[in-house]
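Quick one: the structure is below, questions incoming.
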Amino acid sequence: MNRFQDVLLITGTMGSGKSTLARYIASRLGWECISEDDYWVRHGWSGARTEDQERIVQAEVTRDLVSAVRAGHHVALEFILYKEPPNPLTEYQEQLAGNGISFETLVLRPSSVDEIMSRVKERGRPHDLAELQERRSGAEHQVAVLRSPSIRPEWLVDPTSMTVEAIYNAWLSRHD
C-alpha cells in the first residue's frame with residue numbers, strides 16, 4: 001500500500017515557502033511539481049484576478065493534475081490563497097475528489113504579517129520590493145483568509161522558525 005496520497009496541495013500566504021517546499025518534496029520523492037503561478041505567468045496575467053481568469057487557470061491546473069496522476073505520478077501542487085472561501089483550495093479539493101484522486105492538504109501560515117513581509121523582502125523579487133505597501137495589504141488579506149473555518153487545524157504548519165527540511169520531515173512523519 002502506498003503511504004502517500006496522489007496529490008499534496010501546498011498552500012498559504014505569499015512568502016510562506018510554498019514553492020520551495022513543493023520543489024523540495026518533488027526532488028526528494030521523485031514527484032512532479034506544479035506551481036499555479038506558472039499558469040498565470042503563461043497567460044501574462046498579473047495583479048487582481050478576475051473570476052474568468054481564475055476558472056481558466058484552475059481548469060488548466062486540474063487537467064494537468066489529473067493527467068499526471070493517471071500517468072502514475074504523485075504531484076506536489078503549490079498555490080496561494082486569495083479569497084474566502086479559501087479559494088482555490090476548495091476548488092482543487094472538489095475537483096480532485098470528483099475525479100477520484102486522493103489528496104492531502106498542507107497550509108503554511110507564518111506567525112504574523114511582519115514575518116511574511118520579512119520573507120518577501122528576503123527573497124528579493126524586484127516586483128515585490130517595488131510594491132511593498134501593496135504586498136503588505138495582500139499579506140493581511142491572505143492571513144484573514146487563513147482564518148477560514150474551512151481550513152482544518154491539522155493542515156496548518158507555522159514555517160516561521162523551520163527550515164524546508166524540517167517542514168518536509170514533519171510532513172513525512174505523518175506517513176510513518
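The values are calculated or read from the model by the stated rules, or taken from the named source; none is laboratory data. For clarity, every value in this text was computed on a predicted model and none was experimentally measured. Neighbour counts are summed over all protein chains in view; Cβ atoms, including those assigned to glycine, are modelled from backbone coordinates with ideal geometry.
Does any residue of the stretch 86-107 turn out to be within 24 Å of E134 (Cβ to Cβ) and either polar (S, T, N, Q) or surrounded by fewer than 18 Cβ atoms within 10 Å (Cβ to Cβ) (or both)?
Yes, the stretch 86-107 contains a residue that is within 24 Å of E134 (Cβ to Cβ) and either polar (S, T, N, Q) or surrounded by fewer than 18 Cβ atoms within 10 Å (Cβ to Cβ) (or both).
Look at the stretch 30-56 and say how many of its residues are in contact (Cβ under 8 Å) with a residue 24 or more places away in the chain, out of contact with any Leu (no Cβ under 9 Å at 6 or more places or on another chain) and assigned to a helix (DSSP H, G or I).
2
Between L21, L8, which is within 16 Å of L65 (Cα to Cα) and among the hydrophobic types (A, V, I, L, M, F, W, C)?
L8
Take the stretch 48-77 and flag every residue that is more than 23 Å from G138 (Cβ to Cβ) and of a type in the set (G, A, S).
Of everything in the stretch 48-77, those that are more than 23 Å from G138 (Cβ to Cβ) and of a type in the set (G, A, S) turn out to be A59, S67, A68, A71, G72, A76.
What residue, among those in the stretch 12-24 that are within 20 Å of S161 (Cβ to Cβ) and of a type outside the set (G, A, S), is nearest to the chain's Cα centre (by Cα)?
Filtering first and then ranking leaves K18.
Here's something else I'd like to know. Kindly provide the set of residues from the stretch 1-50 that are among the β-branched types (V, I, T) and either modelled with pLDDT of 95 or more or within 24 Å of R152 (Cα to Cα) (or both), ordered by number.
V7, I10, T11, T13, T20, I25, I34
Table: residues versus (1) at pLDDT 85 or above; (2) under 17 Å from the mean Cα position of the chain (by Cα).
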{"residue": "I101", "(1), (2)": "yes, no"}
{"residue": "L108", "(1), (2)": "yes, yes"}
{"residue": "S112", "(1), (2)": "no, no"}
{"residue": "R125", "(1), (2)": "no, no"}
{"residue": "L129", "(1), (2)": "no, no"}
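A further question on this structure: Restricting to the stretch 161-176, name every residue that is at pLDDT 85 or above and surrounded by fewer than 14 Cβ atoms within 10 Å (Cβ to Cβ).
Selection gives S161, T163, E165, A166, N169, A170, S173, R174, H175.
Tell me which of these E94 doesn't satisfy, since it passes every other one: (1) of a type in the set (D, E, K, R); (2) in contact with a helix residue (DSSP H, G or I) (Cβ under 7 Å, 6 or more places away or on another chain); (3) modelled with pLDDT of 95 or more.
Only one criterion is unmet by E94, namely (2).
For residues that are buried (at least 16 other Cβ atoms within 10 Å of the Cβ), in contact (Cβ under 8 Å) with a residue 60 or more places away in the chain and not in a loop (DSSP other than H, G, I, E, B), tally how many sit in the stretch 143-160.
2
Given (1) farther than 20 Å from R49 by Cα; (2) part of a helix (DSSP H, G or I), where does G72 come up short, assuming only one miss?
The single condition G72 does not satisfy is (2).
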